[in-house]
Structures are given as C-alpha cells and as structure tokens.
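Below is one structure, written out as structure tokens, with a few remarks after it.
The values are calculated or read from the model by the stated rules, or taken from the named source; none is laboratory data. Source: prediction; values computed, not measured. Note: ideal-geometry Cβ built from the backbone for every residue, glycine included; neighbour counts use all protein chains shown. Accessible surface areas use protein heavy atoms only, side chains included; no ligands, DNA or RNA. Shrake-Rupley method; radii C 1.70, N 1.55, O 1.52, S 1.80 Å.
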Amino acid sequence: MKLYRIFVIMLVITGLNFAEKKTISADEYLCLGPIEISYPAFAKDDADAKELVKFNHFEVSKWRPVEGTRFTDNSPLEWRKIKSSLEADFTKDKINLYYVAFYVKNDKWTKADVNVTANSAFSLLCEGKEVAHNYEMNGATLEKKKEVKLEKGNHLFLMKIITDVQPEFKVTLESENELAATVNRTDITSVDEMLDNRKIKEISLSPSGKYAMIKTSERNLAKSDDVTSIKIYRMSDKMLMGNLEGPGKVSGFQWLPAGGFYSWISTVKGKSTIYISGVKEKEQKILLEEVENLTGYKWSPDGTFIIYTLNETKKQPDKNFLKYEKPQDRYPWANSRSYLYYLEPETGLNYRLTAGDLTTTLADINPNGSEILFTRFVTNFDERPYGKTEYYLLNLTDLKEKKILELNWGGGAKYSPYGESLLIAGGPSTFGKSGKVIDQEVIPNDYDAQAYLYELKSGQVKSITRDFNPSVLDFQWVKDEKTIYFQALDKSYKKIYRYTLKSGKFEEMRSGIEVVEDMNISKDGKSALYYGSSSNITEKVYTMDLETGEHTLFFDPEEGMPDHIQYGKVVNWNFNYLGREEITGRIYLPPEFDASKKYPCIVYYYAGTSPVTREFEGRYPKNIWAANGYVVYVLQPAGATGFGQDFSAKHVNDWGELTVKQIIEGTKELLKNHEFIDPERVGCIGASYGGFETMSLITKTDMFAAAVSHAGISSLSSYWGEGFWGFLYSAVATAESFPWNRKDIYVDKSPLFSADKINTPLLLLHGNSDTNVPRGESIQMYTALRLLGKDVELIEVAGQDHHIMQYDKRKKWTKTIIAWFDKYLKGEDAWWNDLYPEE
C-alpha cells in the first residue's frame with residue numbers, strides 16, 4: 001500500500017486533529033441602500049418588524065454583488081464599499097432597508113461558526129440560506145452564532161438590515177481551515193451554478209431566415225422549479241418580437257413554411273392543443289384542440305396540412321400475467337403504438353392515415369405534398385440487430401402504401417428538395433458493402449453513422465460518407481438540391497460541414513465553438529442558426545453567413561452578468577499507443593494553476609462507442625472537478641465513432657481488452673510528461689460502459705488511488721439478458737458473440753469474476769430505477785468486494801434511471817463524486833463524512 005494512503009488511513013483511525021480554530025473578520029462590505037420603507041397600515045411597529053425582515057422586498061436568489069454596479073439600469077443606487085458600520089446616508093425618523101454583502105473564500109470543504117453582532121433587525125444569508133436573524137428593532141446589540149458548511153469556492157454572505165437607528169454590525173467566522181473575507185467577486189464554477197444558471201434548450205430559424213426562436217430554462221430557487229422562456233427575435237437586429245406563452249406545458253414549436261407564422265403544442269392535464277400565431281399577427285388560433293396522447297406533428301412544405309401523431313395503448317388480457325412474445329415486451333411502453341393522422345387547417349378535414357400492429361413513424365413529407373415517407377420497425381431474430389426498419393411511401397390521395405426498403409441499421413430519412421431522392425442515415429452495414437471502407441472480414445461498428453443517397457426511381461444507392469471519418473448526427477438539404485449541410489461528430493468535436501453534390505467533397509464550416517448541439521439552415525441556404533459550447537466556454541447561440549463563412553454571437557444566456565468566474569485552461573494532449581495509433585485526449589487545469597505545485601488527478605473516459613465530447617458542463621462536469629483543485633485527463637480509447645470506421649470497429653468484441661491497456665498506458669505517459677501531477681494521487685471514473693471500464697481497469701492495475709463507477713456493468717451476461725437494451729447493444733458491441741459461445745468474453749472479461757484482484761477503493765453509484773444497466777450490476781460487485789474485505793461503497797439514488805436528473809438528487813450525486821476523490825486523493829474526508837455519516 002502506498003505511503004500516502006497509509007498516512008490518510010492513520011489519520012482517520014486515530015481521529016487526530018492538529019488544527020486550531022482561526023477567526024476571520026469581514027472588515028469591508030458591499031452596501032446597497034438605504035431604501036426607505038414603511039410599516040403597512042395598522043401595523044404594530046416593532047411587533048411587525050419580523051414581517052419586514054422576512055418579507056422578500058427583492059428577489060435576491062440570483063444576486064452576486066460587484067462594487068460599482070447599479071441596482072437596476074435606471075436606479076441611482078449602486079453597490080459601494082463600506083466598513084462595518086453605515087456612516088452615511090442614514091435617514092432619521094424613517095425605516096431604512098440596507099443590503100450588505102461580502103464573500104468568503106475557502107480552498108477545501110469546511111465547517112465554520114458564523115458570529116453576527118448587530119443593533120438592528122436583520123437576516124443573514126449564506127448562499128441563499130438563512131444563517132442568523134434578529135427580528136427586534138430596539139437598538140440593543142444582539143449576538144447570533146450559527147454553524148455553516150462551505151464547499152470549496154467563493155461564498156456570498158448577504159445581510160438584509162431593517163433599522164430606524166444608526167446601524168452597526170460585525171460578522172466574523174471561525175474555522176479550523178483557512179478562510180478569507182473579501183468584497184471581490186471571483187468565483188470558480190460550482191455544482192450549484194451549473195444546475196441553476198440559464199440554459200439553452202432549443203432553437204429554431206424561420207424558413208426565410210428572418211426570425212429566430214430561442215427556448216431557455218432557468219432554475220427558480222424560490223419556487224424550487226425550472227422556469228422556461230420562449231422568445232422570438234428578429235435576426236437582422238436581435239430585436240425581441242414576442243414571448244411565446246400559453247397555458248400548461250409548451251412544446252413542439254415549429255415555423256410555418258411562410259409568412260412569419262409559428263405553431264406550438266400546449267398540454268394541460270394530459271390534453272394537447274396546437275396553436276398558431278405570428279410575429280406580426282399576435283392573435284392565437286387553435287389548429288387542433290384538446291386531444292389526448294399527441295406526440296408530435298409536421299407541416300407540409302406548402303403549409304396546407306399537417307401530419308400529426310397519436311399514441312394508442314393496447315390492453316392486456318390479464319395485467320397480472322404477461323405472456324412474452326419477444327424480449328422487448330418487458331418495456332413499460334411495449335403495448336403503446338403510434339399512428340399518423342392528416343389535418344387541413346383551412347377546411348378542417350381530419351382523418352387517420354395508418355393503423356396495424358406496428359408503430360408508424362413519420363420520416364418526411366414529399367416537397368410536392370402528394371405523399372409521405374414513414375417507417376416501421378419489425379422484430380427479426382434471424383440476424384443482427386434483431387430488427388429491420390421498413391420504409392414506406394404513402395399516397396395521400398388514395399392512402400395506398402408502398403414498401404421501398406427494408407434495412408438493418410436503418411435510421412432517419414429525408415426527401416431531396418425535388419422529391420427524387422432520399423438521404424438516409426445508417427450504419428456501415430446498412431446497404432451491404434457500399435458503406436464499408438474497412439476490410440470486408442472485419443465487423444464494423446454500426447453505430448458509426450453514415451449517409452446514403454437513394455434514388456427513388458432506380459433504387460440506386462450511393463454512400464456519400466464512406467471516406468468521411470466524422471460520424472453523421474443530422475443533415476439538412478438546401479432548396480437548390482446542390483448542397484447538404486451535415487452536423488457530424490469529428491473525434492471529440494461536433495462540427496458543421498457543407499457537402500457539395502457535384503464535387504462530392506465536404507467542407508468544414510468554422511463555427512467558433514467546439515461542440516455544435518443543434519443547427520438550423522434557412523430555406524435558401526444563405527444563413528444558419530446554431531448553438532453549443534466549448535471545453536471552457538458556456539453555451540451560446542450563433543449565426544453564420546453561409547456564403548462568407550463568417551459567424552457572429554447572437555444570444556448569450558449570461559449576457560449582462562459580470563464576468564466573474566475563473567476557468568482553467570484546457571489543453572490537448574495525445575499519445576501514441578505502442579507507437580502505432582494516436583490516442584487523443586485533453587487536460588483540464590485548475591483555475592489558479594501553478595506548474596510548480598503537485599496536483600491530484602482524475603482520469604475520465606467512456607471507452608464505449610462514442611467519444612467524450614468537448615461541451616461545457618455535462619453530467620460529468622470536468623470543469624467543476626478542475627475548479628475543485630484537480631487536474632482532469634480525458635482520453636478517447638479505440639472504438640469510439642467520429643475517428644473513422646477502422647478506429648470505431650475496434651469497439652466490437654473488445655470489452656476492455658484494448659481500451660484498458662490504452663487507459664493504463666495513457667495515464668503512465670501523462671504522469672511521465674507532467675511533473676505537476678502527483679502519481680500517488682490519481683483517480684479514475686467512468687459511467688455506463690465507462691463504469692464497466694472502471695471496474696475492469698482496477699482488476700488489472702493498482703496505479704489508481706480511488707475509483708468511481710456510475711451505472712457500470714460488472715457481469716456481461718446478466719447485463720446482456722436483463723438490461724432493456726442489453727442484447728440489442730451487444731448486437732454491435734458483442735457482434736455474433738453470445739454467453740454460450742464466447743465465455744472468454746462474457747466470463748473472462750466481466751470484472752465480477754476478477755473481483756479478488758481489486759485493491760483500489762471503489763465507489764459504486766447507481767439509480768435504483770435504472771433500466772439500461774440494472775442496479776444489480778453494482779450490487780453484485782459491492783457484495784463481492786464486501787465479502788472480500790475490500791474498500792468499497794455503494795450509493796443508490798432513489799427513483800432515478802440511468803441518468804441522475806432530478807435537481808436535488810443530481811446535486812448531491814455530483815458532490816458525492818468530488819467528496820469521494822477528496823477523501824482518497826487529498827486526504828480530506830470531512831465532506832464525505834458529512835454527506836454520509838457513520839450510523
């Protein structure tokens with residue numbers, strides 16, 4: 001066992017405490033006020049001071065004061081620096097409202113005692129939660145004391161003072177750890193900020209390119225809920241043209257083909273209504289009223305009709321006894337079917353288009369409006385992937401359908417602008433050999449999405465991405481039928497590409513960001529609206545002139561907020577595995593990085609079929625780990641899409657054989673080339689397939705001082721049979737391999753069967769409602785390691801599926817990961833013990 005770990009364990013066992021409490025004083029404050037207020041009519045003065053203190057005169061949950069900034073644009077009040085008493089601006093014979101603020105900076109999780117001395121009624125908040133209060137306005141000096149818990153960062157203490165005398169106050173803090181009081185707002189990005197800030201949820205560019213819809217969501221701390229905003233802007237000058245509001249839940253925003261009109265769905269108590277309104281015509285008209293189980297709709301190219309989708313549920317003969325026809329019958333939605341309907345707004349004509357035992361999904365509407373393209377998925381256990389996608393054309397005049405294709409690995413499809421061809425997404429195997437660029441004997445990774453042109457008359461197929469390494473995410477065909485714009489995964493980047501049909505060449509469009517989350521192209525192909533982020537740049541909306549390639553920032557959710565958060569640098573770092581193959585990666589540095597110091601390090605990977613992209617935040621927030629004092633290394637082992645078919649095919653039937661070797665080798669090279677990383681304090685973490693990778697990794701090396709597996713797979717055979725998508729995912733990841741013919745994979749590569757080789761402290765995290773990777777995968781490993789006397793913890797998150805998304809649970813889950821690494825990589829167990837005290 002490493003000496004560092006022995007020392008940490010001795011401290012925990014003996015309970016040694018060498019620290020003495022230190023006292024810091026807030027000697028300077030930021031002040032806003034005075035603001036004259038009054039008791040309400042018939043109030044009893046001092047008896048009602050409590051109500052004045054408790055009443056929210058202003059919504060302060062988002063306040064982060066900065067010296068010199070105005071209260072509002074039109075207010076003469078601004079935040080000014082003061083000492084511990086308010087010498088000026090006090091108004092006699094009036095009730096004065098003040099807000100005073102300061103920040104406390106700490107470098108590690110700590111407890112602190114807050115002492116408040118004041119001669120006025122007050123309420124002191126720490127990060128929005130009340131620490132102390134006094135409801136008496138009698139001028140007597142009162143002292144209050146309260147313990148607070150502070151995570152690493154810069155914490156706002158905000159004091160509301162209600163007084164009719166010259167106010168005097170002082171705030172001090174006592175802690176065993178170093179604290180510093182300041183009036184300077186310099187923050188690190190934090191879990192709370194990540195969850196609370198405004199986020200872009202959706203964008204939409206009108207067909208003409210004149211208007212943009214931007215949908216955002218922001219946490220309302222007072223209501224403990226997310227608040228959604230949908231706004232319409234004019235593209236030429238960013239003028240706000242309207243707010244989209246409606247009763248209930250608003251979804252399904254779409255632009256009509258012309259005229260600046262748009263539609264949306266409003267759902268109230270399970271019943272949905274489609275409304276139409278316009279940028280200039282504000283009156284709301286109802287298109288379809290109060291229908292149940294509406295799941296979507298699409299406008300025809302000329303705006304004369306919509307195709308909409310309704311769900312139906314087939315009743316079971318006996319809900320207590322389910323006879324399985326196929327493995328998918330265990331899905332909660334197994335008896336649900338979707339069907340298509342036709343509606344003409346002008347005449348009100350409304351009728352059903354599809355029926356049958358299978359779900360029908362609208363793919364596209366022919367540009368001439370005469371027919372639609374839809375798909376059905378048919379189960380087929382004769383060959384991988386155990387189901388085929390059927391593509392149908394449906395004549396809207398006589399409702400006669402025509403099956404045109406039946407494909408393995410088939411994806412979305414769209415008509416060409418003149419309706420003569422289809423652009424179809426699919427895996428390398430979708431059209432046989434035409435999409436494969438690797439040796440025909442090699443099984444490709446069919447999650448590596450390609451794009452195919454299919455001519456409707458001749459049935460001829462052309463793979464247009466066969467020699468294009470990025471993996472296709474989305475595409476949009478420009479009206480002139482000469483150009484297609486692709487959103488594609490290029491290694492760890494998501495980029496926009498322009499494909500010219502005549503030349504057959506792809507051209508990267510420089511977006512100014514590393515990860516484009518969504519793109520919209522105007523009908524004439526002259527402009528684009530898109531949004532996304534980079535490794536250390538938050539989400540923003542941009543526009544691009546597609547003729548010049550110039551891009552411009554259009555909308556920033558954080559516009560108007562002071563630039564107060566420090567982000568560390570993110571640098572690319574690659575290595576050559578065994579001198580044969582480049583493995584790409586990147587390093588996140590702490591905000592106040594000092595190369596002369598030694599830092600703990602977290603190694604993160606997915607190692608599954610897709611790379612870890614470079615978006616800001618995410619469910620596994622590398623920026624926040626770095627902000628907590630860690631160097632974070634992210635690498636892309638072989639098998640990921642976006643690197644070309646040869647690279648992605650290495651995922652098939654590997655299950656940790658090659659990828660674990662590459663992670664170990666990459667970490668060794670990282671340590672050899674970066675002296676500021678402490679080799680004794682390196683941890684590893686992965687989720688889902690990456691969780692499997694964590695467990696597999698620590699059966700083969702003791703180089704990591706701590707490990708985290710979220711929703712990881714411990715036994716490949718149980719995941720294969722029990723996970724909702726186990727055998728379906730294995731149709732790619734374990735192609736042609738099954739528990740009965742490849743025990744060398746299903747047993748030998750399952751970490752559970754090598755649990756006795758694990759010596760690394762392991763944290764297992766799992767949502768107890770996970771259907772993708774059932775929680776038993778963590779329970780099995782936990783049971784094994786407990787019986788073996790190993791250092792292991794299992795945390796189940798109630799009511800959460802494969803992703804931990806519920807606000808409060810996601811917050812604690814994210815902090816749990818940092819606290820675990822703090823315990824083993826920093827020797828700081830106070831945060832972990834506070835989150836999970838011994839019973």
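Structural remarks
- Region 604-614, residues that are among the aromatic types (Phe, Trp, Tyr) and either open to solvent by 10 Å² or more (accessible area, probe 1.4 Å) or free of Cβ contacts under 8 Å to residues at least 60 places away in the same chain (or both): 604, 606
- When residues in region 280-299 are screened for being assigned to a strand (DSSP E or B), free of Cβ contacts under 8 Å to residues at least 24 places away in the same chain and either within 22 Å of residue 208 (Cα to Cα) or not aliphatic (A, V, I, L, M) (or both), 4 of them pass.
- Positions within region 160-182 being surrounded by 20 or more Cβ atoms within 10 Å (Cβ to Cβ), over 27 Å from residue 808 (Cβ atoms) and at pLDDT 85 or above, in sequence order: 161, 162, 163, 169, 171
- Of all residues in region 615-635, those that are more than 22 Å from residue 592 (Cβ to Cβ) and either part of a helix (DSSP H, G or I) or open to solvent by 10 Å² or more (accessible area, probe 1.4 Å) (or both) total 4.
- Every pair of residues 6+ apart whose Cβ atoms lie under 8 Å, when the first sits in region 763-776 and is over 13 Å from residue 795 (Cα atoms) while the second is surrounded by 24 or more Cβ atoms within 10 Å (Cβ to Cβ) and not aliphatic (A, V, I, L, M): 773/691; 773/712; 773/719; 773/766; 774/719
- Cβ pairs under 9 Å, 6+ apart, first in region 354-381 and without any contact (Cβ under 8 Å) to a residue 12 or more places away in the chain, second open to solvent by less than 40 Å² (accessible area, probe 1.4 Å) and part of a loop (DSSP other than H, G, I, E, B): 380/386; 380/408
- Pairs, first among the polar types (S, T, N, Q) in region 582-603, second loosely packed, with under 14 Cβ neighbours inside 10 Å and assigned to a strand (DSSP E or B), C-beta under 8 Å, six or more apart: 584/572
- Qualifying residues in region 204-239 (those that are at pLDDT below 95 and of a type in the set (Lys, Arg)) - the one farthest from residue 526 (Cα to Cα): 223
- Flag if residue 113 is modelled with pLDDT under 80 and open to solvent by 10 Å² or more (accessible area, probe 1.4 Å): no
- The residues listed here are 485, 452, 497; of these, the one that is open to solvent by less than 20 Å² (accessible area, probe 1.4 Å), part of a strand (DSSP E or B) and touching an Asp or Glu at 6+ places or on another chain (Cβ under 7 Å) is 497.
- Residues of region 796-823 that turn out to be open to solvent by less than 50 Å² (accessible area, probe 1.4 Å), closer than 30 Å to residue 599 by Cβ and out of contact with any Phe, Trp or Tyr (no Cβ under 9 Å at 6 or more places or on another chain), as a count: 3
- Where helices (runs of 4 or more DSSP H) fall wholly inside region 637-754, the ranges with 3 or more residues that are farther than 22 Å from residue 785 by Cβ, open to solvent by less than 30 Å² (accessible area, probe 1.4 Å) and modelled with pLDDT of 95 or more are 645-648, 657-673, 726-733.
- Qualifying positions in region 235-262 - touching a residue at least 40 places away in the same chain (Cβ under 8 Å) and of a type in the set (Lys, Arg): 238
- Summed over region 263-279, residues that are of a type in the set (Ser, Thr, Tyr), within 21 Å of residue 341 (Cβ to Cβ) and either open to solvent by less than 20 Å² (accessible area, probe 1.4 Å) or touching a residue at least 60 places away in the same chain (Cβ under 8 Å) (or both) total 4.
- Residues in region 240-257 that are surrounded by fewer than 16 Cβ atoms within 10 Å (Cβ to Cβ) and more than 14 Å from residue 214 (Cβ to Cβ): 245, 247, 248, 249.
- Residue match in region 194-210 (condition: under 21 Å from residue 629 (Cβ atoms) and either open to solvent by 20 Å² or more (accessible area, probe 1.4 Å) or aliphatic (A, V, I, L, M) (or both)): yes
- Candidate set: region 314-371, residues that are part of a loop (DSSP other than H, G, I, E, B) and β-branched (Val, Ile, Thr); chosen: the one surrounded by the fewest Cβ atoms within 10 Å (Cβ to Cβ): 347
- Among the residues of region 120-159, those identified as over 35 Å from the mean Cα position of the chain (by Cα) and open to solvent by 20 Å² or more (accessible area, probe 1.4 Å) are 133, 135, 136, 138, 139, 140, 141, 142, 143, 144, 145, 146.
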